[in-house]
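K.L.:
Can you keep this structure in mind? I'll have questions shortly.
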Amino acid sequence: ILTNFARGVHTIYLQDSLGCKGQVEVKVNVAFFIPNLISPNDDGQNDRFEIMGLPRGSFLRITNRWGDTVYRSENYDNSWDADELTDAVYYYILQMPNGDEHKGWVQVVR
């Protein structure tokens, strides 16, 4: 089972129990993915809440653990970076243009 693969082409090296070796290239396409952790520390990795495959016109609301809205966007553009918020777990409601709704949490760790 392949896990923790980013979108792109990856080379996988194989060896069976008899010592025969081989390799295969695998193209990984991620159609839709919501991360559960961001680390907004300006290192260029996971600095924003970026949802892969997000359709235009998606509504996003993020709340703290008390249910207070800390971020809201009628047309989310993957730009939320938890600016001026403390490291914590936040909860999101993502409503897609087709009516689908996703709920979950995202942890902020600097």
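K.L.:
Considering each residue of the stretch 80-110, count those that are of a type outside the set (Phe, Trp, Tyr), open to solvent by less than 50 Å² (accessible area, probe 1.4 Å) and in a loop (DSSP other than H, G, I, E, B), and give that number.
P.N.:
Adding up the residues that qualify gives 4.
K.L.:
Identify, please: which residue in the stretch 27-56 is open to solvent by less than 40 Å² (accessible area, probe 1.4 Å) and part of a strand (DSSP E or B) and is, among those, farthest from Val89 (Cα to Cα)?
P.N.:
Val28
K.L.:
Could you tell me how many of the residues in the stretch 58-92 are free of Cβ contacts under 8 Å to residues at least 24 places away in the same chain and in contact with a Gly (Cβ under 7 Å, 6 or more places away or on another chain)?
P.N.:
Of the residues in that region, 1 qualify.
K.L.:
If you don't mind, another one. Among the residues of the stretch 101-110, are any modelled with pLDDT under 95 and touching a Pro at 6+ places or on another chain (Cβ under 8 Å)?
P.N.:
yes
K.L.:
Give the residue that is most open to solvent (accessible area, probe 1.4 Å), with candidates limited to residues of the stretch 67-79 that are of a type outside the set (S, T, N, Q) and not in a loop (DSSP other than H, G, I, E, B).
P.N.:
Of everything passing the filter in the stretch 67-79, Arg72 is most open to solvent (accessible area, probe 1.4 Å).
The values are calculated or read from the model by the stated rules, or taken from the named source; none is laboratory data. Worth saying up front: this structure is predicted, and the values here are computed from it rather than measured. As a convention, Cβ positions derive from the backbone with ideal geometry for all residues, glycine included, and neighbour counts pool all protein chains shown. Keep in mind that these areas ignore ligands, DNA and RNA; they rest on the heavy atoms of the full protein, side chains included. Shrake-Rupley method; radii C 1.70, N 1.55, O 1.52, S 1.80 Å.
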